[in-house]
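Have a look at the structure below before the remarks.
Laboratory data are not the source of any read-out in this text; all were calculated from the coordinates shown. Fair warning: this is a prediction, and the values are worked out from it, not measured in the lab. Every residue, glycine as well, gets a Cβ built from its backbone with ideal geometry; the counts of neighbours run over all protein chains shown.
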Amino acid sequence: MAKFWMGFVAGFLLAPLLVACYLVFGMAPAATSAPPMPLERLLAGTALNSRISRETSKRQPSDFSVTDLIDGATVYSKNCSACHGEDRQSASSIGKAMYPEAPQLLTPEGATGRPVEVIYWEVENGIRLTGMPSFQSLLSDQEKWDVSAMLSRASELPPDVQMAFDREPDSAASCADQPLKKAAKSRSPVRLTAQ
Ligand code: HEC
């Protein structure tokens, strides 16, 4: 019995002590390029999934018209592509430099097939301790549903929606460069504010 209690106390004291040493002595990864901590992926993923399934109302991809999906494509190009990639081939270099990396959502491994309401939840709330912002007050409710519906079928978009992507020159990434390019041409002062 004494052995049991010694083990019990040692377990209670030793485990937190080891975790504290791991953190205090700089053994935990801090750079975005460092590999994940033990159990980090499992803990973060489980917490997120449980929370989402508790909080969202279900929506079917078929609830959304082609016009909704085209609007979703426009929202994506303006607000998401800088981190999540502009097309199926090239990856966003900003997204790749984050920890965790921003997944490339238009690629086949992206968001295709994920429930619309799960994507909506992530857009609405952002994802804590990652670079994924909350768009709660940045986009209207309809815009958030449209971009979520578009992403949930990104690999099998109707041709009209695909064309909207090809036509959209105004993506967030190229938008950021534009004032500089214009200024370089005209030699006028740089204006970085929205016009
Ligand atoms: C500043 C960079 C940034 C912007 C802008 C951004 N995201 Fe993210 N997003 C991230 C990062 C980083 C993650 C990865 C989080 C993680 O691993 O849990 C992420 C994760 C996600 C996920 C979860 C993907 C998965 O496989 O788990 C979805 C869905 C998503 N973002 C949608 C969007 C949408 C839609 C927009 C635009 C309205 C957007 N994001 C804008 C950085 C960004």
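Odds and ends about this structure:
- D63 fulfils the conditions (1) in contact with a helix residue (DSSP H, G or I) (Cβ under 8 Å, 6 or more places away or on another chain); (2) within 13 Å of the ligand (Cβ to nearest atom); (3) closer than 25 Å to P159 by Cβ except for a single criterion, (2).
- Within region 75-104, residues that are farther than 19 Å from D166 by Cβ sit with their Cβ atoms under 7 Å from residues that are crowded, with 22+ Cβ neighbours inside 10 Å and among the hydrophobic types (A, V, I, L, M, F, W, C), at 6+ positions apart or across chains, in these pairs: I94/C83; G95/C83; A102/C83.
- Tally of residues being of a type outside the set (D, E), exposed (fewer than 13 other Cβ atoms within 10 Å of the Cβ) and over 16 Å from the mean Cα position of the chain (by Cα) across region 54-101: 9
- Condition check for S53: under 30 Å from V161 (Cα atoms), among the small types (G, A, S) and assigned to a helix (DSSP H, G or I): yes
- Listing of helices (runs of 4 or more DSSP H) fully contained in region 70-174 that carry 1 or more residues being near the ligand (Cβ under 10 Å from one of its atoms) and touching a Cys at 6+ places or on another chain (Cβ under 6 Å): 93-96
- When region 23-53 is filtered for residues that are loosely packed, with under 10 Cβ neighbours inside 10 Å and in contact (Cβ under 8 Å) with a residue 12 or more places away in the chain, the ones remaining, listed by number, are A31, S33.
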